[in-house]
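J.: This is the structure, below, for whatever I ask next.
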Amino acid sequence: MDLLNRLEGYLIDSLGPLGPLMAMGMLGILLIALTLPVMLKKRDEPFDRIKAQRTVGAAPVSQALRRSSGTEKLDRFANLLEPKTAEELSASRLKMMRAGYRSKGAVRAFHAAQFALGVGFLVLGVLYALLASATAPLTMQQMVIYTLLPGAIGYYLPVYWIKRRAQERHDQIVAGFPDALDMMLVCVEAGQSLDQSILRVARESASGYPALAEEFEMVAHEVKAGKERVAVLKDMAERVGIPDVSSFVTTLIQSATFGTSIAEALRVYSSEMRDKRVMRAEEKANTLPTKLTLGTMLLTVPPLMLILIGPSVYGIATQLGGQ
C-alpha cells in the first residue's frame, strides 16, 4: 500500500492529477504493441504451400474469386484467437459444441468476443475514471477498480454465457431423454429400424426438447452419410457429456455386438430412465425443506419474537422511565 501511494504521488507530481491514469494507459499500449506482432505472426504450413503451388495458374481468376469465402483475411488472427496446442483446441471445440455452437469458427468467435468485450469495457472504465476524476480526485485503488474491473467483467462475460448455454442444454437433454427413449421403443416395436426411429424421435421432440432433437438428428444424418453407427454413437456421447446418454450408447453398442434384441434393451433402459427421473424429482422434493429453513427463520422468527416480546419490553421500558 505504501509503495502504491508513493508511486501515485510521484506520478501526480510529474504528470498532474491524471498522471496515474495516463501511466496505466501508456503501459497498456506498450504491452499491446509488444505482444501483437509476435502473436499475429503465422507460420506457413507445408500443406498450405503445396496447395498454393498446385492451385497457382491451375484455375481462372473468376473461379478463385467464387471459391473465396471472405474469411481469408481473418486467418492471420488464428494464432491470437485459437489455443496453441491441439489438446486445448479440441477441448475448446468440445465446450463450444456442448453449448450448441458447432461452426468451424466458433472457437475463434469466442476468443474474439472475449478480446473485444474486454478491451471495450476497459475503455469504458477509463472514460468513467476520467469523468470521475474531473469532479473529485481519485485514489490509486479507485482508479485500478474503475479501469480493470470492467475489463475483467467484459472478458469473462463470454465464459459465463457459454457455461449458461451448456447447462441449459444439459438440463434439457436430461429432462427429455426418458421420453425420447419411450418414443424410440414404440418406433422400434412398430417395425421401424433404429436409424428411422432416431430420425422420428428427432422430429417429434424438436418442439419440446430442441437440444436433444438436434443431437439425434445429427446422428441420423451422419449415419446416412455413411459413417459407422458405432463411431457416430460414441461421438454423440462425447459431445453431450451426460452419463445417461453414455450408458445408452454403451447399451446399443453391446446389443449390436452380441446380437441381442434392440427392443428389449430399449425397454429395460427406458424403464431405468423413468425410475431415475422419479428419483431426481424425489431428491429435489427432499431437499426443499432444508432450503426453506433459512427463509423461514429469517422471515418468521423475527416478527414472531417481536409480537411476543415486544409488549413486555415496552412495559418494562415505560416503568423504568417512570421511576
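The values are calculated or read from the model by the stated rules, or taken from the named source; none is laboratory data. Quick caveat: nothing in here was measured; it's all calculated off a predicted structure. Here the Cβ is made from the backbone with ideal geometry for all residues, glycine too, and neighbour counts use every protein chain on show.
J.: Consider GLN196 carefully, then state whether it is assigned by TED's automatic domain parsing to the domain that holds ILE262 and outside any helix (DSSP H, G or I). Can you show your working first?
T.: Working: assigned by TED's automatic domain parsing to the domain that holds ILE262: yes; outside any helix (DSSP H, G or I): no.
No; evaluated as a whole, the condition is false for this residue.
J.: Taking ARG164 as meeting all but one of (1) in contact with a helix residue (DSSP H, G or I) (Cβ under 8 Å, 6 or more places away or on another chain); (2) without any contact (Cβ under 8 Å) to a residue 40 or more places away in the chain, write down the number of the exception.
T.: Going through the list (1) in contact with a helix residue (DSSP H, G or I) (Cβ under 8 Å, 6 or more places away or on another chain); (2) without any contact (Cβ under 8 Å) to a residue 40 or more places away in the chain, ARG164 breaks only (1).
J.: Quick check on GLN172: is it in a helix (DSSP H, G or I) and either among the basic types (Lys, Arg) or more than 25 Å from ALA99 (Cα to Cα) (or both)? It would help to see each step written out before you state the result.
T.: Details: in a helix (DSSP H, G or I): yes; either among the basic types (Lys, Arg) or more than 25 Å from ALA99 (Cα to Cα) (or both): no.
The answer is no for GLN172.
J.: Out of everything in segment 241-252 that is within 16 Å of ASP195 (Cα to Cα) and free of Cβ contacts under 8 Å to residues at least 24 places away in the same chain, what residue ends up being nearest to the chain's Cα centre (by Cα)? Talk me through it step by step, then tell me what you get.
T.: Looking only at segment 241-252, we keep the residues that are within 16 Å of ASP195 (Cα to Cα), and these are 248-249, 251-252.
Next, only the ones that are free of Cβ contacts under 8 Å to residues at least 24 places away in the same chain stay: 249, 251.
Values: VAL249: 25, THR251: 29 Å.
Going through the qualifying residues, I end up with VAL249.
J.: Restricting the search to segment 174-205, which residues are without any contact (Cβ under 8 Å) to a residue 24 or more places away in the chain and over 19 Å from ILE242 (Cβ atoms)?
T.: VAL186, CYS187, ALA190, GLY191, GLN192, SER193, GLN196, SER197, LEU199, ARG200, ARG203, GLU204
J.: Which residues, taken from segment 145-161, are more than 28 Å from PRO243 (Cα to Cα), β-branched (Val, Ile, Thr) and touching a residue at least 40 places away in the same chain (Cβ under 8 Å)?
T.: THR147
J.: Quick one: how many residues across segment 127-153 are under 26 Å from PHE115 (Cβ atoms) and buried (at least 20 other Cβ atoms within 10 Å of the Cβ)?
T.: Residues meeting the conditions: 6.
J.: Sticking with this one: With at pLDDT below 75 and out of contact with any helix residue (DSSP H, G or I) (no Cβ under 6 Å at 6 or more places or on another chain) as the only criterion, which of LEU74, LEU81, LEU127 stands out?
T.: Numbers: LEU81 fails: out of contact with any helix residue (DSSP H, G or I) (no Cβ under 6 Å at 6 or more places or on another chain); LEU127 fails: at pLDDT below 75.
Residue meeting the stated conditions: LEU74.
J.: In this structure, is ASP182 exposed (fewer than 14 other Cβ atoms within 10 Å of the Cβ) and acidic (Asp, Glu)?
T.: On the way: exposed (fewer than 14 other Cβ atoms within 10 Å of the Cβ): no; acidic (Asp, Glu): yes.
It is false that ASP182 is exposed (fewer than 14 other Cβ atoms within 10 Å of the Cβ) and acidic (Asp, Glu).
J.: Next question. Being in contact with a Lys or Arg (Cβ under 7 Å, 6 or more places away or on another chain) and within 24 Å of LYS224 (Cβ to Cβ) narrows it down to one of LEU185, LEU194, LEU181, so name that one. Break it down into steps so the answer makes sense when it comes.
T.: Details: LEU194 fails: in contact with a Lys or Arg (Cβ under 7 Å, 6 or more places away or on another chain); LEU181 fails: in contact with a Lys or Arg (Cβ under 7 Å, 6 or more places away or on another chain).
When all the criteria are applied, what remains is LEU185.
J.: Determine, yes or no, whether GLU238 is touching a residue at least 60 places away in the same chain (Cβ under 8 Å), more than 26 Å from GLY191 (Cβ to Cβ) and in a helix (DSSP H, G or I). Before the answer, list the steps.
T.: Working: touching a residue at least 60 places away in the same chain (Cβ under 8 Å): yes; more than 26 Å from GLY191 (Cβ to Cβ): yes; in a helix (DSSP H, G or I): yes.
It is true that GLU238 is touching a residue at least 60 places away in the same chain (Cβ under 8 Å), more than 26 Å from GLY191 (Cβ to Cβ) and in a helix (DSSP H, G or I).
J.: Could you tell me whether any residue of segment 207-230 is more than 24 Å from LEU94 (Cβ to Cβ), under 31 Å from the mean Cα position of the chain (by Cα) and not in a helix (DSSP H, G or I)?
T.: yes
J.: Select, from GLU272, GLU264, the only residue that is surrounded by 10 or more Cβ atoms within 10 Å (Cβ to Cβ), within 32 Å of the chain's Cα centre (by Cα) and acidic (Asp, Glu).
T.: GLU272
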